[in-house]
Amino acid sequence: MIYFDNSATTKPYPEVLDAFVKTSENYFANPSSLHSLGARTEKLLTQARRQIAGILGADENEIFFTSGGTEGNNLAIKGTALAYRSRGRHIITTAVEHASVFETCRQLEEWGFRVTYLPVDKSGRIKLDDLKQAITDETILVSVMHVNNEVGTVQPVEEIGQLLKHYPKILFHTDDVQGCGKVPLSLREAGIDLCTVSAHKCHGLKGTGILYKRANLRLSPLLTGGHQESGLRSGTENTGGIVAAGKALRLIHEKFEAGAAERTAHIRDALIEKLQEMPAVTVHTNPAVSAPHILNFSVRGIRGEVLVHALEEEGIYISTTSACSSKTRELSRTLLAMGVSEDEAEWAVRVSLSYENTMEEAERFIRILRQTITNLQQVLGRNQ
């Protein structure tokens, strides 16, 4: 098996699974319980929060646990909109955000907010001038993802943060679900107020997410009840998942420091070189402005889902668009915003690597892809 769908989810590290099992066995008590078992669990939770804060370059009182990236993005955006609506009702985001940001903004429009969706260039990046021109006296939030989940484009987050320092009343949120552990980001230096991370994209477990919220920032909670997470996110904490998330983040950052991102970029670049040699293939990812682990391409005349299933029969797993949107069969909003034609968007597929993938897997993928394209072209040609 070759698993090249790591942007959809990653395989948990063995150490992460071990941490989850041991925590769930030995620290099963509710952290809110008054007895000693609860206090013991709460202490472990505090240690995990402190560890994650250190990895992300934050203070422990700025780390809040959620169920994942979707909840984190909803909490950051809706929480800001509701808490600061008296200041203004204008939000700026991009045309290429993940659905959990894009659809949240659509919902806020139904609630009376005005949203500007910034366009992108052919590489999928916004222009700072467009952002600056979009800012009004009513703007309360800018939400721009760090790494695009479909094509891998890295947005100029640091530059956006520097620009927004001239607008102290505007909060800055970034979705770092795809960038965490792969593309460095200093929350402090970039002037980020809110940042979303998801454990299962970093070899942690599904159902655990992290929201960084700068100290002294107000958010209106989406979930109310038992006042967990300082009242920001009620619900009994997933202690096992949180401890496992801390382990996953530590491991992936250690691998990054050891040069894993450079090795992954080398594999991606080799794949792009071989793909560009194929006459029927168009590569949509620009490696000069992209994360090391994602590449997107189209094979002329072959629908993405057909190619995905054909490769699956060979034990190779890739995807079409975002896993959260793939079953809707809609054309990629990201690719269309980049100026890709509707046909090429329908033919597009995504390869997303992890630090565990190898050059040997990439070489085998290319060999099988060539043969699969030839076979499908023959079948499609006969059926026309």
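The values are calculated or read from the model by the stated rules, or taken from the named source; none is laboratory data. Everything numeric here is computed off the predicted structure, so don't read it as measured data. Cβ coordinates were reconstructed from backbone atoms using ideal geometry, including for glycine residues, and neighbour counts include every protein chain displayed. To get the accessible areas, we keep the full protein, side chains included, count just its heavy atoms, and leave off ligands, DNA and RNA. Shrake-Rupley method; radii C 1.70, N 1.55, O 1.52, S 1.80 Å.
What to note about this one:
- Verdict on Arg364 being modelled with pLDDT of 95 or more, among the basic types (Lys, Arg), assigned to a helix (DSSP H, G or I) and open to solvent by 20 Å² or more (accessible area, probe 1.4 Å): yes
- For the stretch 85-94, the criterion of being under 30 Å from Gly54 (Cα atoms) and surrounded by fewer than 18 Cβ atoms within 10 Å (Cβ to Cβ) is satisfied by no residue at all.
- Every residue from the stretch 121-154 that is among the polar types (S, T, N, Q) and closer than 17 Å to Thr196 by Cβ: Ser143, Asn148, Asn149
- Pick from the stretch 157-187, criterion over 15 Å from His146 (Cβ atoms) and touching a residue at least 40 places away in the same chain (Cβ under 8 Å), ranking: least open to solvent (accessible area, probe 1.4 Å): Leu171
- Subset of the stretch 215-225 [farther than 17 Å from Thr46 by Cβ and either of a type in the set (Gly, Ala, Ser) or surrounded by fewer than 14 Cβ atoms within 10 Å (Cβ to Cβ) (or both)]: Asn216, Arg218, Ser220, Thr224, Gly225
- Total residues in the stretch 1-30, condition farther than 23 Å from Gly69 by Cβ and either open to solvent by 60 Å² or more (accessible area, probe 1.4 Å) or of a type outside the set (S, T, N, Q) (or both): 11
- Residue that is modelled with the lowest pLDDT [pool: residues in the stretch 314-345 that are under 20 Å from Val281 (Cβ atoms), out of contact with any Gly (no Cβ under 6 Å at 6 or more places or on another chain) and part of a loop (DSSP other than H, G, I, E, B)]: Thr321
- Apart from one condition, Ser290 fits all of (1) crowded, with 21+ Cβ neighbours inside 10 Å; (2) more than 24 Å from the chain's Cα centre (by Cα); the exception is (2).
- Count - residues of the stretch 49-84 that are of a type in the set (S, T, N, Q), more than 17 Å from Leu249 (Cα to Cα) and open to solvent by less than 50 Å² (accessible area, probe 1.4 Å): 3
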